[in-house]
Every structure is written in structure tokens, then in C-alpha cells.
Amino acid sequence: MKLYYTPGTCALADHIALEWAGAPYETQRVSREERKSGAFLRLNPAGAVPVLEEDGWVLTQNAAILGYIADRFPRARLAGVSAHERAETQRWLSFVNSDVHPAFHPLFGSTAWLEDDALIARSQEVAKRKLHGQFGILDRQLAGRDWLTGTRSIADPYLFVTLRWARKTGVDLDGLDNLARFFERMQADTGVLAALEAEEGGQG
């Protein structure tokens with residue numbers, strides 16, 4: 001099992017999930033330039049990470065990869081056990097993947113095509129307000145819980161990634177104390193630390 005990643009991307013969530021699952025895996029660091037190469041585009045025509053490769057089979061899309069890791073290593077219980085638990089995991093994974101993640105796009109340069117500094121800045125402020133509201137929902141969900149669904153799941157590392165982005169891009173997280181505590185717990189987690197060390201240390 002091989003995970004292709006670029007530091008700073010949502011592929012970190014899969015890296016953490018692999019650590020939590022106790023999976024045998026290797027990683028391949030891919031630069032943004034390398035993602036435009038013919039070799040990588042044969043793996044993922046979208047030129048994006050994460051990509052997971054196993055025995056010649058290639059899987060793309062972060063939510064799909066996280067779900068596969070959970071199913072592939074059920075003893076780790078990263079997607080819940082009962083139908084109710086699995087539905088809750090999918091609910092919060094979907095919220096982070098489909099609502100929170102895309103809301104960052106203006107902060108990552110998706111509105112640069114406007115070619116107007118004032119309009120670009122406005123789009124980014126709108127994005128930050130939207131993200132503050134979304135993180136407020138997540139903060140309330142974490143009230144009285146250590147994890148989004150009550151137990152550790154594949155939704156948690158994805159949330160951790162978006163919180164790292166929020167801190168880097170200046171999204172207002174003031175007063176969201178449950179999220180702050182969640183972030184600190186994640187930063188102290190051995191699996192998270194191993195994934196961060198590998199990615200930020202340039203290994204893989």
C-alpha cells in the first residue's frame with residue numbers, strides 16, 4: 001500500500017488514518033510540479049493528491065481513500081461498527097469534505113482569475129466568514145466529546161487538516177474552545193506526530 005502526498009495537503013488525513021489503522025504502508029512525496037508529469041497523471045488524471053496504490057490498483061479522492069482504509073483495517077474501528085456509527089462517521093466526513101474543504105478555495109487562490117485585488121480580498125473575507133460559521137458547527141458537535149462522532153474515526157484527521165489550514169490562513173477561531181482542545185489532543189497523538197514528522201521532515 002503506497003500513499004502519494006504533497007506536504008500541506010489533505011493527504012495528511014490519509015497518512016494519519018494509515019498510522020491509526022496500524023497499516024503496513026509506504027509513502028511517496030510528490031511536488032506540485034511533479035503532479036503535472038505524465039507519470040503522475042497516469043495515476044490521477046486530475047493531478048491531485050492523495051493517491052493510494054495497492055497491488056496495481058489506484059484509488060483517488062480523499063473521502064474514498066479514508067473510507068477504504070477504515071474498511072481495509074476494520075479492527076481499528078475508524079468508521080464505527082454499527083450502521084448508526086457508520087452513518088455518523090459518513091455524516092461528519094462528508095461535512096468536512098464537501099462543505100469545509102471547498103470553502104478554503106478562495107484562500108488558496110481560486111479567485112485569482114478576477115485580477116482585481118479588492119475583489120480577491122473580498123472573496124477571501126467572505127470565505128473566512130463562511131468557514132467561521134462552519135467551524136462553529138463543528139465546535140458545537142465536539143461539546144462533551146473528544147472526537148467528532150464520540151469515538152475516533154476517519155473524520156477526525158480530516159478535521160485536523162482543515163484546522164491547520166484555518167490557522168495558516170487567518171480564519172477566526174476565537175471562542176471555539178472545543179475545537180482548540182481537539183486540535184491540541186490531535187497534535188499530541190502519536191499517529192499524528194508520526195505522520196507530521198514524515199511529511200514535514202521530508203521522508204517518504
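Among residues of segment 162-204 being more than 15 Å from Trp147 (Cβ to Cβ) and of a type in the set (Lys, Arg), the one that is surrounded by the most Cβ atoms within 10 Å (Cβ to Cβ) is Arg164. Of the residues that make up segment 26-37, is at least one without any contact (Cβ under 8 Å) to a residue 12 or more places away in the chain, surrounded by 14 or more Cβ atoms within 10 Å (Cβ to Cβ) and either on the phi < 0 side of the Ramachandran plot or in a helix (DSSP H, G or I) (or both)? Yes, segment 26-37 contains a residue that is without any contact (Cβ under 8 Å) to a residue 12 or more places away in the chain, surrounded by 14 or more Cβ atoms within 10 Å (Cβ to Cβ) and either on the phi < 0 side of the Ramachandran plot or in a helix (DSSP H, G or I) (or both). Here is the figure for segment 120-161: residues that are under 16 Å from the mean Cα position of the chain (by Cα) and either closer than 14 Å to Glu184 by Cα or at pLDDT below 95 (or both) total 6. Does Val100 satisfy being over 14 Å from Asp156 (Cα atoms), crowded, with 18+ Cβ neighbours inside 10 Å and not aromatic (Phe, Trp, Tyr)? Spelling it out, it is not the case that Val100 is over 14 Å from Asp156 (Cα atoms), crowded, with 18+ Cβ neighbours inside 10 Å and not aromatic (Phe, Trp, Tyr). Taking the stated definitions as given, is Thr89 touching a helix residue (DSSP H, G or I) at 6+ places or on another chain (Cβ under 9 Å) and assigned to a loop (DSSP other than H, G, I, E, B)? Against the criterion (touching a helix residue (DSSP H, G or I) at 6+ places or on another chain (Cβ under 9 Å) and assigned to a loop (DSSP other than H, G, I, E, B)), Thr89 does not qualify. Does Val171 satisfy the criteria of being in contact with a Leu (Cβ under 6 Å, 6 or more places away or on another chain) and farther than 19 Å from Tyr4 by Cα? Against the criterion (in contact with a Leu (Cβ under 6 Å, 6 or more places away or on another chain) and farther than 19 Å from Tyr4 by Cα), Val171 qualifies.
Of all residues assigned to segment 54-65, at least one qualifies as being of a type in the set (Gly, Ala, Ser), closer than 19 Å to Glu19 by Cα and modelled with pLDDT of 95 or more. Tell me, yes or no, whether segment 189-196 has at least one residue that is in the same structural domain as Gly8 (by TED's automatic domain parsing), over 30 Å from Ser82 (Cα atoms) and part of a helix (DSSP H, G or I). Scanning segment 189-196, I find at least one residue that is in the same structural domain as Gly8 (by TED's automatic domain parsing), over 30 Å from Ser82 (Cα atoms) and part of a helix (DSSP H, G or I), so the answer is yes. Starting from residues that are assigned to a helix (DSSP H, G or I) and among the charged types (D, E, K, R), keep the ones in segment 92-119 and report whichever is modelled with the lowest pLDDT. Ranking the qualifying residues of segment 92-119, first place goes to Asp117. Of everything listed in (1) under 22 Å from Leu163 (Cα atoms); (2) assigned to a helix (DSSP H, G or I), the single unmet condition for Leu78 is (2).
Within segment 159-170, is there a residue that is outside any helix (DSSP H, G or I), on the phi > 0 side of the Ramachandran plot and among the small types (Gly, Ala, Ser)? Yes, segment 159-170 contains at least one residue that is outside any helix (DSSP H, G or I), on the phi > 0 side of the Ramachandran plot and among the small types (Gly, Ala, Ser).
Among the residues of segment 117-136, is any in contact with a Phe, Trp or Tyr (Cβ under 8 Å, 6 or more places away or on another chain) and among the β-branched types (Val, Ile, Thr)? For segment 117-136, residues in contact with a Phe, Trp or Tyr (Cβ under 8 Å, 6 or more places away or on another chain) and among the β-branched types (Val, Ile, Thr): absent.
Tallying residues that are within 21 Å of Ser98 (Cα to Cα) and out of contact with any helix residue (DSSP H, G or I) (no Cβ under 6 Å at 6 or more places or on another chain) within segment 1-29 yields 4.
The values are calculated or read from the model by the stated rules, or taken from the named source; none is laboratory data. Remember, predicted model here, so these are calculated numbers, not experimental data. No Cβ is skipped: glycine too gets one built from the backbone with ideal geometry, and neighbour counts run over all protein chains shown.
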